[in-house]
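Below is one structure, written out as structure tokens; comments come after it.
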Amino acid sequence: MTSRAPAASPDPADIIAALYDIVSGPADSPRRWDDARSLFWPDARVQTVYSGRSGPLDFRNLSVEEWFARASERFRRIDFYDQGVISGYETGGMLATAVSPYVSRHEPGGAIFERGVNYYTFLRTEPGWKVLHLVWEIERPDNPLSRGSAAALDRANWLRCA
């Protein structure tokens, strides 16, 4: 997909879809980080929980710019295509949250090499919603997807490609 990302949106689902689109593509293809940057609050944080060298779990806390730099390095080496669904959504006042289980592939429609869940917090701004916080966790043998996240992916009929 090559649609332009909205600078802000009246619907956080549009932002989530745009971010999946932005990070997806063949190895060494430029990602539209300027479009992605426009979707985040200036001091937003991007975090991941993963199995690391320092023990069974580790946590990485990045600025948006640090995330772009790390992701760009990875995307220079591998084809990467993310697809996600929204399995939970809540809004109240100035904040909204969304839960978005995803699958990752090395080619569109190819075998799934990774599953996980993105958790978003959005802030309502004058022009529309902005990502305030994004944290994701990759599925591991010791930490499978929740029943709700797995069911959401199954309903999207993506597990058949695993």
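Any read-out appearing in this document is the output of simple, stated calculations on the displayed coordinates, not a laboratory observation. Note that the coordinates shown come from a computational prediction; the quantities given were computed from them, not determined experimentally. Cβ atoms come from the backbone with ideal geometry, glycine included; neighbour counts cover every protein chain shown.
Taking every C-alpha pair closer than 8 Å and separated by at least 6 residues, the mean separation divided by the residue count of the stretch 11-73 gives a relative contact order of 24 percent. Here the stretch 113-147 and the stretch 19-40 have alpha carbon centers that stand 16 Å from each other.
Taking only C-alpha pairs under 8 Å that are 6+ residues apart, what is the relative contact order of the chain in percent? Walk me through the intermediate numbers first.
Details: 317 pairs, mean separation 36.9, N = 162.
Taking the mean separation of contacting Cα pairs over the length of the chain, I get 23 percent.
Between Gly110, Thr48, Leu153, the Cα set farthest toward the positive side of the dipole of the chain (charges on each charged residue's Cβ, about the Cα centre) is that of Gly110. Using a Förster radius of 25 Å, what is the FRET efficiency between Glu126 and Glu65 based on their Cβ-Cβ separation? Nearest 0.05, please. Rounded to the nearest 0.05, the efficiency is 0.60. Could you tell me which label, among (1) 1.65; (2) 1.00; (3) 0.95, carries the value of Cα Rg over 2.2 N^0.38 Å calculated for this structure? Only one option fits the structure, namely (2).
Here the Gaussian network model covers the chain, with springs between Cα atoms less than 10 Å apart; of Asp21, Asp82, Asp35, Asp35 fluctuates the most. Could you work out how much longer the chain between Tyr50 and Ala13 gets when fully extended? Use 0.36 nm per residue separation minus the Cα distance between them, nm to one decimal. Once the chain is fully extended between Tyr50 and Ala13, it gains 10.8 nm.
Rounding to the nearest 20 debye, state how big the charge dipole of the chain is about its Cα centre with +1 on each Lys and Arg Cβ and -1 on each Asp and Glu Cβ. Intermediate results must be reported in sequence, preceding the final value.
Values: 19 positive and 21 negative charges, 42 e Å.
Computed charge dipole of the chain: roughly 200 debye.
Backbone amide hydrogens, once placed in the peptide plane, bring Ser24 within less than 5 Å of Asp82, excluding anything fewer than 5 places away on its chain. Modelled this way, with points 7 Å down the Cα-to-C-beta line, the labels at Arg155 and Ala27 are 3.7 nm from one another.
Calculated from DSSP H runs of 4 or more alone, at -39500 (n - 2.57) each and per residue, what is the 222 nm mean residue ellipticity of the chain, nearest 500?
Values: 4 runs with 40 residues, N = 162.
Computed mean residue ellipticity for the chain: -7000 deg cm²/dmol.
When each of Leu153, Leu145 is scored by the number of other beta-carbon atoms lying within 10 Å, the sequence from fewest to most is Leu145, Leu153.
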